[in-house]
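Visitor: Let me begin by handing over the structure; questions about it come next.
The values are calculated or read from the model by the stated rules, or taken from the named source; none is laboratory data. Owing to the predicted nature of the structure, the values given are computational and were not obtained by experimental measurement. Methodologically, a virtual Cβ is constructed for each residue, glycine included, from the backbone with ideal geometry; neighbour enumeration extends over all protein chains shown.
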Amino acid sequence: MTKNNPPPSPHEALERLREGNQRFVARLHSETASGLERRLTEIPPADRQSPVAIIVGCSDSRVPAEFVFDQGLGDLFVIRVAGNVVAPSQVGSVEFAAEQFGTQLVVVLGHSRCGAVQATLDELERPTENRSRNLSSIVDRIRPSVETLLETDLRDNPEELIKHAVRANIRTATYHLRYGSPILEQLIKQGRLAVVGAEYCLENGTVDFFDGVAETP
């Protein structure tokens, strides 16, 4: 769907998903499946899973973690929310995966030009009275990590401002996971969990692991 095309109706979108799932199932059981499609058959039994990493990512439709990291079904435990913010439900999901499956790596995956981060910067400069309470809950979680940037010279350079703000927001999320949960903090102290921050570049597809990598065992 291009920028100028109208979005499909709910019915059209649902049919597209149904047809896509039918193609997926057909390829999953095809003897002529490609290498990528064959990998999809190598999934754990339905009664268990053992993901190699937990990904706390943004809901942006251009950043699907399984594609970004070239992983198959069952390889990643993915938690997605706009702005890759860390609220109690995200912390609980990470705790669940780390304890239930023994997964030892958490990656907070932000991305360049994040719309939620930009919306927060816009809100700080031009407050919106009509913003919904639910959207405000996302903005309010991003706000502390970026508002001090508006007190620097970056305020006059929008391109650099969003770059720094995206990374500041990722660092805030990784910090919250490392020190905002007694369960995760204990696992980290025992060397059974590492939390790192990364940024996906929409322009070229690369992922830069820039936060917490040195502490990863």
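Visitor: Identify the single condition in (1) surrounded by 15 or more Cβ atoms within 10 Å (Cβ to Cβ); (2) part of a helix (DSSP H, G or I) that residue 67 does not satisfy, given that it satisfies every other one.
Guide: Exception for residue 67: condition (1).
Visitor: Please go through the range 159-210 and give me each residue that is of a type in the set (D, E, K, R), under 16 Å from residue 97 (Cα atoms) and without any contact (Cβ under 8 Å) to a residue 12 or more places away in the chain, ordered by number.
Guide: 185
Visitor: Can you tell me which residues in the range 172-217 are within 18 Å of residue 82 (Cβ to Cβ), out of contact with any His (no Cβ under 9 Å at 6 or more places or on another chain) and of a type outside the set (Gly, Ala, Ser)?
Guide: 172, 174, 176, 177, listed by residue number.
Visitor: Same structure again: Of the residues 113, 48, which single one is outside any helix (DSSP H, G or I) and modelled with pLDDT of 90 or more?
Guide: Going through 113, 48 in turn, the sole match is 113.
Each row is one residue, and each column tells you yes or no for (1) touching a residue at least 40 places away in the same chain (Cβ under 8 Å); (2) of a type outside the set (Asp, Glu).
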{"position": "92", "(1), (2)": "no, yes"}
{"position": "98", "(1), (2)": "yes, yes"}
{"position": "108", "(1), (2)": "yes, yes"}
{"position": "114", "(1), (2)": "yes, yes"}
{"position": "122", "(1), (2)": "no, no"}
{"position": "127", "(1), (2)": "no, yes"}
{"position": "131", "(1), (2)": "no, yes"}
{"position": "144", "(1), (2)": "no, yes"}
{"position": "151", "(1), (2)": "no, no"}
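Visitor: Here is a check on your reading of the model: is residue 27 in contact with an Asp or Glu (Cβ under 9 Å, 6 or more places away or on another chain), assigned to a helix (DSSP H, G or I) and modelled with pLDDT under 85?
Guide: yes
Visitor: Hey, another quick one. Could you tell me how many of the residues in the range 99-123 are surrounded by fewer than 16 Cβ atoms within 10 Å (Cβ to Cβ) and more than 21 Å from residue 181 (Cα to Cα)?
Guide: Total satisfying the criteria: 3.
Visitor: I'm trying to understand the selection: among the residues of the range 175-200, which are in a helix (DSSP H, G or I) and not hydrophobic (A, V, I, L, M, F, W, C)?
Guide: 175, 176, 178, 179, 182, 185, 186, 189
Visitor: Sort out which residues of the range 137-154 are loosely packed, with under 14 Cβ neighbours inside 10 Å and part of a helix (DSSP H, G or I), and write them in order of number.
Guide: Keep residues of the range 137-154 that are loosely packed, with under 14 Cβ neighbours inside 10 Å, which gives 137, 140, 144, 148, 150-153.
Listed by number, the residues that qualify are 137, 140, 144, 148, 150, 151, 153.
Visitor: Which is at pLDDT 95 or above and surrounded by 15 or more Cβ atoms within 10 Å (Cβ to Cβ), of 93, 59?
Guide: Criteria check complete, one pass: 93.
Visitor: Residues 134, 204: which one is of a type outside the set (A, V, I, L, M, F, W, C) and either surrounded by 15 or more Cβ atoms within 10 Å (Cβ to Cβ) or part of a helix (DSSP H, G or I) (or both)?
Guide: 134
Visitor: Okay, next question. I need the full set of residues from the range 179-201 which are charged (D, E, K, R) and surrounded by 18 or more Cβ atoms within 10 Å (Cβ to Cβ), in order please.
Guide: Result: 199, single match.
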